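The structure under discussion appears below in the form of structure tokens.
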Amino acid sequence: PLIIFIIFWLLLVYFPFAHMVWDEGLLAQWGTIDFAGGDVVHITSGVSGLVLALVLGKRRDYNRLEYRPHNVPFVFLGAGLLWFGWFGFNAGSALAADGLAVHAFVTTHISAAAAMLSWLLVEKVLTGKFSLVGASTGLVAGLVAITPGAGFVSTWSSLLIGLCVSPVCYFAISVLKSKFGYDDALDAFGCHGIGGIFGGLVTGLFTTPELALDGNNIGLIYGNAHLFLVTIAAIIFTIVWSAVATFVIIKVISIFTSIRVEDRAEAIGLDDSEHEETAYPTFMGLDS
């Protein structure tokens, strides 16, 4: 089911938005801009993740057992690799090794660092402690938020974007998720969906005349509301399209095959029930 879903999601969600935003399609004609994928990648996937979480339902012991991160050092290692890799597609979206690529590189780095700092500060104020998982989540939120505007906004605004996105995503993950009761295990919606929406809005606020694709299509703070308004319209359009398409795809798949394992298989664990493997066997000198 996952493989089938990926194929049809690419055809019905990702490819259409890549065309609409980056190939002079509908949203580009409206005047919306997306430097490296805030709308095309993060909003679409974040909203789709939320829809899938709602359709699939909660894990077997959700709200009964405490779920902890699988491996905290690996979480931080992965976040560090993401931070490094993000330079590739943010700076690389300049499509040349030029000043614009360097600018996107710098704004990406500043936003990620600022978001990591602000997430840690929010954690410290609300929980009394810093956490490595929190630092990792914060830096990813900063990377997501700067993606649509990396090549369009100034360095000082990238600092503001990073500082402001973490409280927004923290609220979505710690408050909205528990209030509405959906089981988004990896916070795809709270980090990527909400972060992508935030990133689109601030791109509509801070796009500078010097870096804008069109000198008349600039950020709201520079005196023109058009970009900000079309960005809101594009975000709403993206949310609706992604949610409906995802729901239809997964529902059609569920007609032909089960999209969730049986309760017994989930209780045993998918390592054993699906693959007959154990990821981390205990070794006390007695294993055969």
*For Met20, Met116, give the ranking by accessible area with the largest first, probe 1.4 Å.*
Met116, Met20
*asked:* For a quick check of understanding: with a 1.4 angstrom probe and all protein chains in place, what accessible area in square angstrom does Glu262 have, to the nearest ten?
replied: 140 Å²
*Could you grab the relative contact order for the stretch 92-150? Cα pairs under 8 Å, six or more apart, rounded to a whole percent.*
39 percent
*Output the relative contact order of the stretch 45-179, whole-number percent, from Cα pairs under 8 angstrom with separation of 6+ residues.*
25 percent
*Where does helix 194-206 land angle-wise versus the long Cα axis of the chain, in degrees 0 to 90, nearest 10?*
10 degrees
*asked:* List the trypsin sites (Lys or Arg not before Pro) within the stretch 178-265 that DSSP assigns to loop and that have no more than 16 neighbouring Cβ atoms inside 10 Å.
replied: Arg260
*Run the quick spin-label model on Ala233 and Phe74: label points 7 Å from Cα toward the beta carbon, then report their separation in nm to one decimal.*
4.6 nm
*Using the charge dipole of the chain (Lys, Arg: +1 at Cβ; Asp, Glu: -1 at Cβ; taken about the Cα centre), state which of Leu27, Gly219, Pro148 has its Cα farthest towards the positive end.*
Gly219
_Out of all Cα-Cα pairs in the stretch 174-276, roughly what percent, to the nearest whole number, are more than 17 Å apart?_
70 percent
*Stretchable slack from Glu266 to Tyr67, in nm (0.36 nm times residue separation minus alpha-carbon distance)*: 70.2 nm
_Cα-centred dipole magnitude for the chain, charges only on beta-carbon of K, R (+1) and D, E (-1), debye, nearest 20_ = 760 debye
_Most positive-pole-ward Cα, Ser158, Val261, Gly85, against dipole of the chain from beta carbon charges_ = Ser158
*Estimated vicinal HN-Hα couplings, Hz - the stretch 118-131 in sequence order (Karplus 6.51, -1.76, 1.60; Gly, Pro = x)*: 5, 5, 5, 5, 4, 4, 4, 5, 8, 10, x, 9, 8, 9
*Which residues in the stretch 41-67 have a backbone N closer than 20 Å to a point placed 7 Å from the Cα of Val252 along the Cα-to-Cβ line?*
44-45, 47-56
*To the nearest 10 degrees, how steep is helix 44-56 against the longest Cα principal axis of the chain, on a 0 to 90 scale?*
30 degrees
*Can you run phi through the Karplus equation (6.51, -1.76, 1.60; θ = phi - 60°) for the stretch 157-164 and list ³J(HN,Hα) in whole Hz, with x for Gly and Pro?*
6, 5, 5, 5, 4, x, 5, 8
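Please tell me the relative contact order of the chain in percent, rounded to the nearest whole number, where contacts are Cα pairs under 8 Å and at least six residues apart.
24 percent
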*Other-chain or far-sequence residues with amide H under 5 Å of Thr207's (modelled H)*: Gly219, Leu220
_In Å², nearest 10: area of Trp119 left accessible to a 1.4 Å probe_ = 10 Å²
*Where in the stretch 7-35 does the label zone of His226 land, with the point 7 angstrom along Cα→C-beta and an amide N cut-off under 19 Å?*
21-35
*Percent of accessible area on the chain owned by carbon and sulfur, 1.4 Å probe?*
69 percent
*Helix-derived mean residue ellipticity, 222 nm - over the chain, DSSP H n ≥ 4, -39500 (n - 2.57), to 500*: -19500 deg cm²/dmol
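The values are calculated or read from the model by the stated rules, or taken from the named source; none is laboratory data. Every value quoted in this text rests on a predicted model; they were computed, and no experiment measured them. Neighbour counts are summed over all protein chains in view; Cβ atoms, including those assigned to glycine, are modelled from backbone coordinates with ideal geometry. Just the protein is used for accessible areas: all its heavy atoms, side chains included, with ligands, DNA and RNA removed. Shrake-Rupley method; radii C 1.70, N 1.55, O 1.52, S 1.80 Å.
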